[in-house]
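Novice: I have a structure I would like to understand better, so I am pasting it below and will then ask my questions one at a time.
Each reported figure results from applying straightforward, stated rules to the coordinates on display, with no laboratory input. Just so it is clear, the structure is predicted and the values come from calculations on it, not from any experiment. Cβ placement follows ideal geometry from the backbone for every residue including glycine, while neighbour counts extend to all protein chains displayed.
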Ligand code: EPU
């Protein structure tokens, strides 16, 4: 098993380029299932989750190949199967994103039900309720979602909770449904908006993505598309925290500061110097940081996917910070590991009270999920001594070339196999 070894203490300085967004690429690649012909995507990050969705699509008979510069080609002209097996789905919950496209294109889908995960129970009931409302017959059979329909029918769907992949799944299904589907309380994340724009390039008729009401007029067929994946706002946010925690000065190229607004405002508030231009952000440490209050919320609020990372940063800020996690209430697996490095964090329900300490110390720690592992990397970068992070396959699910990028910025990191 691989471990990431970090000798803490180096101030990170320099410039890196932000990769394509994992959470945009996953639904977009799944949407290739909706069309005949070969779709070509570029700026796709080279990550384990992308390999997983590619393997899933190949299970259904799609031809998937990868080229240079993050190019992924998917030809779904000849689909012949509709079974998403447990072995693949258990490694990535986002596999549920194939359910809507399979139903819309083939009229059938058998998708392993994703179980719980380290960040909470994460049910998919809202996906299933919406697809049922569109006329699909949905049943659970020995751990699998089994769904079929003759033709999905447009209808009005109100999501009780704003759900990102739920909105994406239903939007993809509705793109080929008969009639008009209206999604209310839809997720407003930029990744949802990007998927809608890809579906429109494929011949879809979708309006309102990026707001909480999305209207989808079904069309009879969609065609292949070429598309460049948008920058990853969570990767960008993570490196911004790296600048803050190491008292560094990092310039992020190829990012979209507008998507990072809530994060940039919070970082300014705690005392970091931020210069945002159209496609770049520079984050520079100039003074000791102040504690603050953070509440995770659906977009445009502060993202839950950066909660663990800002917690690492606030471990070294002045005073006591309060972090309220409102999206995934149990998403605190990193707290125990940060404490092992000397952090002072008290949990009370879905809130964490973080009292700033003067220093963290290196320790062997274990990654439990993707973003939790990023928070341990951040803590390791500033900790006194050496931090050895095990189970870094979690990190590799979501951060492209993380070791190279950190080294470019001057960090002392290396991977070892044990
Ligand atoms: N929820 C339900 N029922 C459902 C669906 C969601 O109760 O049917 C609840 C969830 O349990 C959660 C809330 O609704 O409390 C929001 O969950 P959402 O469905 O929006 O999460 P997701 O679509 O499964 C995506 C990202 C996550 C990110 C969340 C929240 C992808 C592939 N995944 O997950 O990303 O944390 O939205 O922004 O887009 C990550 O990248 O590390 C990651 C976990």
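Novice: Of all the Cα-Cα pairs you can form in region 25-139, what percent are over 21 Å apart? List each step's numbers first, then the result.
Specialist: Details: 2313 of 6555 pairs.
Pairs farther apart than 21 Å: 35 percent.
Novice: Also, I was wondering about something else. Less than 20 Å from a label point 7 Å out along the Cα-to-Cβ axis of residue 122: which backbone N atoms in region 237-281 qualify, by residue?
Specialist: It comes to 237-238, nothing else.
Novice: Now for a separate question. Could you work out the pair-distance distribution P(r) of region 295-418 from its alpha-carbon pairs, with 10 angstrom bin width and percents rounded to whole numbers?
Specialist: Pair shares across the bins are 13, 46, 33, 8, 0.
Novice: Classify region 257-341: rounded, prolate or oblate, from the alpha-carbon gyration tensor (a ≥ b ≥ c, eigenvalue square roots; a/c under 1.5 rounded; otherwise prolate if a/b is larger than b/c)? Intermediate results must be reported in sequence, preceding the final value.
Specialist: Numbers: a/c = 2.06, a/b = 1.26, b/c = 1.63.
In terms of gyration-tensor shape, oblate.
Novice: Mean residue ellipticity at 222 nm from the helices of the chain, using -39,500 (n - 2.57) per DSSP H segment of n ≥ 4 over the full residue count, to the nearest 500 deg cm²/dmol? Please list the in-between numbers first.
Specialist: Values: 14 runs with 129 residues, N = 418.
Value at 222 nm, helices only: -9000 deg cm²/dmol.
Novice: Here's a follow-up. Find the Cα radius of gyration of region 368-418, compare it with 2.2 N^0.38 Å by division, and give the number to two decimals. Could the numbers behind the result be given before it?
Specialist: Working: Rg = 10.4 Å, N = 51, 2.2 N^0.38 = 9.8 Å.
Ratio of Rg to 2.2 N^0.38 Å for region 368-418: 1.06.
Novice: Taking just the alpha carbons, could you work out the radius of gyration and Dmax for region 131-264, both in angstroms?
Specialist: 18.2, 59
Novice: In addition: Two decimals is fine: what's Rg over Rh for region 79-120, C-alpha atoms, Kirkwood radius as Rh?
Specialist: Numbers: Rg = 10.9 Å, Rh = 10.7 Å.
Radius of gyration over Kirkwood radius for region 79-120 works out to 1.01.
Novice: While we're looking at this one, here's another question. For a footprinting-style exposure proxy, rank 17, 112 by other Cβ within 10 Å, fewest first. Walk me through the numbers on the way to the answer.
Specialist: Working: 17 15, 112 19.
Taking fewest neighbouring Cβ atoms as first place, the list is 17, 112.
Novice: Ok, one more. Which value in nm describes the separation of the simple spin-label points at residue 265 and residue 2, placed 7 Å from the Cα toward the beta carbon?
Specialist: Modelled inter-label distance: 3.7 nm.
Novice: Need one number: % antiparallel among DSSP beta bridges in the chain, to the nearest 5. Each step should come with its number before you reach the end.
Specialist: Numbers: 57 of 83 bridges.
The answer is about 70 percent antiparallel.
Novice: Here's another thing I want to ask about it. Provide Rg over Rh for region 87-169; use the alpha carbon set for both Rg and the Kirkwood Rh (inverse mean inverse pair distance). Don't skip to the answer; put the middle values down first.
Specialist: On the way: Rg = 12.2 Å, Rh = 13.0 Å.
Radius of gyration over Kirkwood radius for region 87-169 works out to 0.94.
Novice: If you don't mind, another one. Output the peptides 241-250, 41-50 sorted from most to least packed, where packing is the average of other Cβ atoms within 10 Å over each peptide's residues.
Specialist: Numbers: 241-250: 24.3, 41-50: 20.8.
Order by mean packing, descending: 241-250, 41-50.
Novice: Which three numbers, in whole Å and largest first, are the semi-axes of the equivalent ellipsoid of the chain derived from its Cα gyration tensor as √(5λ)? Could the numbers behind the result be given before it?
Specialist: Values: eigenvalues 283, 88, 82 Å².
Semi-axes from the Cα gyration tensor: 38, 21, 20 Å.
Novice: For region 73-215, just the Cα atoms, rotate onto the principal axes and tell me the three extents in Å, largest first.
Specialist: Projected onto the principal axes, the Cα atoms of region 73-215 cover 37, 36, 31 Å.
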